[in-house]
Each structure stands twice: as structure tokens, then as C-alpha cells.
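Asker: Okay, here's the structure, questions in a sec.
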Amino acid sequence: MSDTGRRGIVLAVLVLVSAALIAFYVVRLMSGPTPFQPAVANAAGRPTVSLTLQTVAAVGPSLSPNPSWVSYLIREQGVWHRTTVWTLPAHALVHVTVYQYDGNSGLRNPFLSQARGIVGGTFTVDGKAMSRIAPDDASHTFAIPQLGVIVPLQGVADDAKNQCDYAPCSLSNAHRTITFTFRTGKKGKYRWQCFVPCAAGFVYGFGGPMQTIGYMDGFINVV
Amino acid sequence: MSSEPAPAARDRRHTVRIALLTAIATLIALPLVIWVLGPNMPPGKGTDVANSQVFDNTVLLVVMTPFTMFILVYLAYTLTVFRADEGERLEGAPIRGHVRLQIAWLAATTIAVLFLAIFGTAELYANGSGGGQGPSPITKPGGALPVQVIAQQWEFTYRYPTYGGVETAQLEIPVDRQIAFHVTSLDAIHSFWAYQLGVKADANPSVDNVAYAKARKTGTFDIRCAELCGLWHGYMFDTGRVVTGGQFASWIAQQQTRFREVTKELPPYSTTYNPDPTDRAG
């Protein structure tokens with residue numbers, strides 16, 4: 001084979017390998033983590049779903065290679081998963097229960113201590129209806145800015161007994177139970193996040209788990 | 001004896017042709033630039049500031065049009081006239097400097113650059129396209145309604161100091177009224193970009209970055225963060241509204257009622273904030 005032919009083959013192989021690597025990267029980027037898809041019920045002709053979440057100060061070694069990171073978890077068929085990408089139906093009522101096991105961090109912007117965008121304008125903390133909490137009592141928030149939804153999550157007291165060290169935490173650990181309902185609206189891809197600077201050990205508390213999908217941030221695919 | 005003109009005469013002929021073609025192309029392009037493309041230049045004419053930016057962009061286009069036409073004509077002329085015949089393998093004529101041509105080119109570009117420098121400086125100092133903006137505004141329009149833009153990872157919120165310091169998640173401003181945007185940040189470096197208003201101001205922690213704009217018509221405008229600020233930078237967008245004075249008065253009264261309790265929790269209005277906690281407490 002001539003030199004030109006050999007060069008042509010090498011070039012073609014290099015182009016193919018490069019294209020395959022780019023395609024692999026794009027497919028991986030587009031697919032992302034497998035979304036959690038809760039069961040959908042129908043109530044008065046409107047789709048209704050229930051989400052059960054827990055927020056933990058440290059996600060633990062069984063659920064993450066970063067055991068000390070703060071995280072949201074979601075319950076699926078009785079098992080807690082670290083999945084923050086969810087698929088929900090459009091124009092649905094979403095009933096959310098959060099078991100909140102983490103202590104207070106406080107909000108950088110006190111304005112975010114008032115709930116917005118939820119059905120009835122109120123949420124419950126251990127059964128008590130509220131529309132806001134003291135900004136310094138916030139441990140986390142559940143917020144979907146594009147839908148105008150924000151709910152501050154009150155932390156457990158510093159001196160509470162039997163606090164949870166590592167997730168998944170159980171209901172016997174000190175916790176708050178927070179419930180609220182929001183509507184998903186039209187189809188689209190919405191991000192959700194925590195607004196409390198809760199990432200321990202990171203500058204301004206906004207690194208690590210606050211910048212990584214799968215911990216304190218995620219997507220809601222409304223379909 | 002050959003009928004070919006001497007090289008000098010041939011060069012002059014090419015020069016005259018290129019100059020004529022450039023002049024014709026410029027005469028055709030300039031009205032299109034001024035009356036068709038110019039008025040549609042970004043960011044539109046939503047505010048006095050935006051209108052001024054459209055004017056500046058149009059002037060830049062007008063200045064660059066003859067140069068662009070010259071380059072395009074020269075390229076087309078060269079490809080057409082100096083194209084080698086098929087199979088022709090001739091070495092081109094040696095390239096030598098042409099003093100008059102070089103001086104003409106340098107003079108034209110120097111004049112253009114100097115004009116743009118003077119024009120740009122004058123526009124920067126004028127009240128509109130850039131004057132009166134920044135941490136220490138040169139000009140301060142009287143009677144401006146102050147609206148504070150607070151950036152945080154990853155959302156803008158807005159505070160109205162003349163309405164009890166109420167903070168909102170939506171931005172609404174009245175039409176035909178000068179607005180003084182006071183832009184700051186609670187954490188990382190962001191940038192408040194209200195596209196149709198022609199306002200783009202960095203949001204830096206501990207800095208009060210001021211930008212003025214006066215909306216000319218009601219409607220909506222896009223708000224985006226224009227500074228890479230972390231995971232959700234691409235999702236840090238919002239839609240603002242320009243409304244009539246009456247609608248604004250009604251809306252701000254509603255916000256004051258809705259956020260009355262949480263307003264009591266806010267720190268006193270300040271041009272900048274340095275909130276605790278700076279790190280996680282728990």
C-alpha cells in the first residue's frame with residue numbers, strides 16, 4: 001500500500017474515533033440520570049402525584065461516593081434513592097412530604113423565608129400550617145423558580161435528641177415533617193434547587209452538593 | 001508591436017475600476033444600512049438607553065460599510081479578473097510596495113478609528129448609552145425611581161426602597177419614568193441583563209452598580225444573568241414587565257400587602273449587603 005493510502009486510512013480512523021467520542025459525550029450529556037417517575041392518580045379529572053422526600057446533613061457511604069455531602073433523597077417503593085431528576089405529569093397536583101433531618105443554616109436572603117407558588121399559600125411543619133418561617137431557622141428550601149415555587153424547610157433544633165448522622169435516616173431520628181402541594185403547569189424542563197448555603201466546607205456554602213445534580217439540585221421533567 | 005498597455009497604466013485601470021465599484025456598492029449599501037438594518041439593530045427601542053445603543057450600533061455600521069464594501073469588491077474583482085486560465089501555470093508579478101496606496105489606506109483607517117474614539121467617548125459621557133452608569137455614575141437623572149436588583153445563586157429578586165423596602169420575585173416598572181437600577185449580589189458575580197431595556201450591569205458582592213433606563217412603551221422584557229455564575233446560570237432568567245403608572249401603583253401595593261410580614265425580616269435597605277452565614281453553620 002502506498003504512503004498516501006496508509007495516511008488516508010490513519011486519518012479516517014482518527015476521524016471515526018473522534019466522532020465516536022463526541023457522539024458518546026453528547027448522548028451521555030443528553031440522557032443524564034434516569035428520572036424518577038412516581039405513580040400518577042386521578043382526582044377530579046386532574047392528575048395527582050405524591051412525592052416523599054428527606055433532606056439529610058450527610059448522605060452517607062451507601063448512597064454516595066461523597067458521604068459527607070448534604071442531600072435530598074426520594075422514596076420509591078419504600079426505598080430511599082439519591083435521585084433528583086423526576087418526571088411529573090403536566091397540570092398535576094403534586095403533594096410533597098419532606099422529612100427534614102438537618103439542622104438550621106439560615107438564609108442569605110431573608111425574603112426567601114416566605115413560601116410562594118404553593119396551593120393555598122401555606123405549608124405545614126409538624127402539622128402546623130405556616131406561610132413563612134424565621135429566616136435563621138431555615139435548613140433548606142425546596143424551590144422551582146420557573147414555576148414560582150419556594151418552600152422554606154425548617155431545621156431540627158441544635159439540641160434535639162437522636163439526630164441522624166448518615167442517610168438514609170429513619171422516622172425515629174429527630175426530624176421535621178413538612179407538607180405542601182404545588183401545581184406543575186405546562187410541559188417543560190424545570191430546574192429545582194435549595195437556596196440555603198448548606199454545603200458544609202465549601203466557600204459561601206454554595207459548592208459541592210449545591211453545584212451537583214443529584215444532591216441539592218435537580219430537574220423536573222413535566223410531560 | 002504588442003497592444004497590451006504598460007504595467008503602470010494597467011494597474012491604474014484596475015485601481016480606478018475597484019474604486020468605482022466600491023463607491024457604487026457603498027452608495028447602494030448605505031441607505032439599506034441606515035434605513036433598513038439600522039432601525040432593527042439590537043436591543044430595540046424599548047427605552048431611551050436602548051434607543052441610544054441602536055443609534056451607536058447604526059453609526060458603527062455606517063462607518064464600517066465603505067471598508068466592508070471595499071474588501072468585498074476587491075475580493076470579487078480579484079477572483080474574476082485575475083483568475084488564471086485552466087492549465088495556466090504562470091508566476092505572478094513581483095509584489096512591491098505602493099507608497100500612495102499605503103498612505104491612503106492608513107489615512108482612511110486612522111480617520112475612521114479617531115472618529116470612533118471621539119464619538120464613543122462623547123456617547124459614554126452623554127446621558128444615555130453608558131454615561132451615568134456604574135458604581136459612581138457621572139450623571140444622575142433627577143426623580144428616578146430606585147429599584148434594587150439583588151442577584152443570588154440562582155435567582156434575581158427586586159427591592160423597592162421607596163415603597164417600604166418591599167422585596168419581590170418579579171420586576172415591574174412604570175412606563176415613561178426614569179428608573180435607577182441598583183444592582184448588587186449576595187454571593188458570586190452575576191450580571192443583570194434586561195435585554196429590551198438596554199441595561200446590562202454586573203452584579204458584584206459589596207458593589208452598588210447603577211444603571212438608568214426610561215421605558216418608552218408597556219410590555220415585557222427578558223432578564224438574564226450574563227455572567228457565568230455556577231450550576232444554574234443558564235436557568236437564571238426571568239421576565240420583567242413595563243406597565244402603566246396606575247397598574248404599577250396597584251401592583252406594588254399588592255406586593256406590600258403580600259410580603260408585609262417577611263419585609264419585617266429583611267435588613268434595612270442598603271445599597272449592598274454582606275449577609276451571614278458565609279458558610280454553613282450546621
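What follows is calculated from the coordinates using simple rules that are stated; it is not laboratory data. Treat the numbers as computed from the prediction; the structure is a model and nothing was measured. All Cβ positions, glycine included, derive from the backbone under ideal geometry; neighbour counts span all protein chains shown.
Asker: With all distinct Cα pairs included, what does the Kirkwood hydrodynamic radius of chain B come out to in Å, to one decimal, could you say?
Answerer: After inverting the mean inverse Cα-Cα distance, the result is 23.0 Å.
Asker: On to the next question. As a footprinting exposure proxy, order B:Ile34, B:Ile173, B:Ile111 by other Cβ within 10 Å, with the fewest listed first.
Answerer: Ranked by crowding around the Cβ, least crowded first: B:Ile111, B:Ile34, B:Ile173.
Asker: Could you tell me how many degrees, from 0 to 90 and to the nearest 10, lie between the Cα long axis of helix A:3-31 and the main elongation axis, the longest principal axis, of the Cα atoms of chain A?
Answerer: Result, in degrees: 10.
Asker: Using a Debye calculation, one point per C-alpha and no hydration shell, please list log10 I(q)/I(0) for the stretch A:126-193 at q = 0.19, 0.22, 0.23 Å⁻¹ in order.
Answerer: -0.90, -1.06, -1.11
Asker: Continuing with this model, one more query. On alpha carbon coordinates alone, what is the Rg over Rh value for the protein assembly as shown, Rh being the Kirkwood radius?
Answerer: 1.13
Asker: Here's something else I'd like to know. Between the DSSP loop rule and a limit of at most 16 other Cβ atoms within 10 Å, which GluC sites (Glu not before Pro) in the stretch B:57-125 are left? All intermediate terms of the calculation are to be shown ahead of the outcome.
Answerer: Details: sites: B:Glu86, B:Glu88, B:Glu91, B:Glu123; in loops: B:Glu86, B:Glu88, B:Glu91.
Taking the stretch B:57-125 and a limit of 16 other Cβ atoms within 10 Å, the loop GluC sites (Glu not before Pro) found are B:Glu86, B:Glu88, B:Glu91.
Asker: Let me ask you something else. Just report the Cα centroid separation between the stretch A:116-174 and the stretch B:52-92, whole Å.
Answerer: About 65 Å separates the Cα centre of the stretch A:116-174 from the one of the stretch B:52-92.
Asker: Take every residue in peptide A:198-206, count the Cβ atoms of other chains within 10 Å of its Cβ, and give the average of those counts.
Answerer: Mean shielding by partner chains, rounded to a whole number: 5.
Asker: If you don't mind, there's one more thing I want to ask. Please arrange A:Trp192, A:Trp80, B:Trp105 by counting, for each residue, the other beta carbons lying within 10 Å of its beta carbon, fewest first. Provide the component values of the computation, followed by the final result.
Answerer: Numbers: A:Trp192 24, A:Trp80 21, B:Trp105 13.
Ranked by crowding around the Cβ, least crowded first: B:Trp105, A:Trp80, A:Trp192.
Asker: Can you pull the three principal axis extents for the Cα set of chain A, in Å, largest first?
Answerer: Extents along the principal axes: 82, 46, 34 Å.
Asker: List the lysines whose Cα sits under 20 Å from the Cα of B:Lys45, skipping any in the same chain fewer than 8 residues away.
Answerer: Straight-line reach from B:Lys45, under 20 Å: B:Lys200, B:Lys214, B:Lys217.
Asker: Sticking with this one: Would you list B:Ile252, A:Ile144 from fewest to most Cβ contacts within 10 Å?
Answerer: Fewest to most other Cβ atoms nearby, the residues stand as B:Ile252, A:Ile144.
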